[in-house]
1. For Rg and Dmax of the Cα atoms in Å, which listed value, [x] 19.9, 65; [y] 23.1, 78; [z] 19.8, 58, comes from the coordinates shown?
2. Please find the FRET efficiency linking residue 222 to residue 3, where r is the Cβ-Cβ separation and R0 is fixed at 35 Å, and quote it to the nearest 0.05.
3. Before anything else, pin down the relative contact order of segment 3-180: Cα pairs under 8 Å, at least 6 apart, normalised by residue count, whole percent.
4. Within a Cβ distance under 12 Å of residue 79, other residues only, what is the Lys/Arg minus Asp/Glu net charge?
5. Label residue 280 and residue 61 with points 7 Å out from Cα along Cα→Cβ: what is the distance between them in nm?
6. At 0.36 nm per residue, and after removing the present C-alpha to C-alpha distance, how many nm does the segment from residue 133 to residue 207 gain when stretched out fully?
7. Roughly speaking, what is the centre-to-centre gap between segment 138-170 and segment 216-278 when only Cα atoms are used, to the nearest Å?
8. Quote the charge dipole size of the chain about the Cα centre in Debye, to the nearest 20; the model charges only the Cβ of Lys and Arg (+1) and of Asp and Glu (-1).
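Bear in mind that the values in this text are calculations on the coordinates, not laboratory data. Keep in mind that what you see is a predicted model, and the values were worked out from it rather than measured. Glycine also receives a Cβ, built like all others from the backbone with ideal geometry; neighbour counts cover every protein chain displayed.
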Amino acid sequence: MNEISAFVAKRLAKAASGIDPTGIEGVRVFWTTTSTPPEPLVYDAGITILLCGRKNGSVAERTFVYDQDNYLVVTLPMPFFCSHEACADAPLCGLFISASREDLSSLIRDMDDRQPVAPRAGASALAPARITNAMRMSIERMVGVIDEPLSARVIGPALRRELLFHALCGPCGPSLVTYAHQTGDDGRLDVLIEAIRADIAQPVSVKAWAEAAVMSLSTFHRAFRRRTGQSPLQYVKRLRLHAARDMILYERARVGDAARRVGYESVSQFSREYHRHFNVAPATARQITEAV
């Protein structure tokens, strides 16, 4: 049994599915033996690496795959749909590696004349990229130290930095540079989107957002859709619904309280949109949570 197989087997011996932090700050491990149809997710900025299994994602009409040969780069909080197949004999297991601006900016400075190419305007904030042999070796070394507390604490941060370096050198490097420096039209758009997420209950005003991004209304709509794969209203609605679901599932918030906290004035409208997005009524989701 190789290092990765042993790592996965250890998780499966613990539970059929799970998400755990690791001894390396900024690195989480997830695993499952259960298949899921396309379901709505939100990923934060970072890279997702699959050690085994395959995920199929979609944003609007665009589809993509990430698996053992392709990692996923996300540079904005991104709502999208994702599915996978998994069972006890063929589990899904992977690592999520966070990417802060400070981490990336430090790496870019250290790269000197080998800095990534300039960001391309309109690049998607979510895209897969091919795993190189050098990156694969870094992944294997990280897996080898995660379960060793001393090694994880001492060596782990350098391995995380190494993986971010490989991502910067890859085809999604320009998007990571935009995220790190927040320059140009995409950078201004990213700043705005992060401000929207930080205060998700604020009133929606696409006109005011366009002015803040120094764009005409039509240009803002096009730029926003290129960057996120969805319109500003779709994006905000999905972020609100995901934030409310977290409140209901993890804070055990009442449905009306969760609706108001994310900016809905009408609880009935919130319930309709929640059911349409997650295929379950929020009241039912809360009842399930209370029964656990």
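1. [z]
2. 0.15
3. Once normalised by length, the contact order is 26 percent.
4. That sum, taken over residues with Cβ under 12 Å, equals +3.
5. 3.3 nm
6. Result for the pair: 22.0 nm of gain on full extension.
7. Cα centres, segment 138-170 to segment 216-278: 35 Å.
8. My answer is approximately 720 debye.
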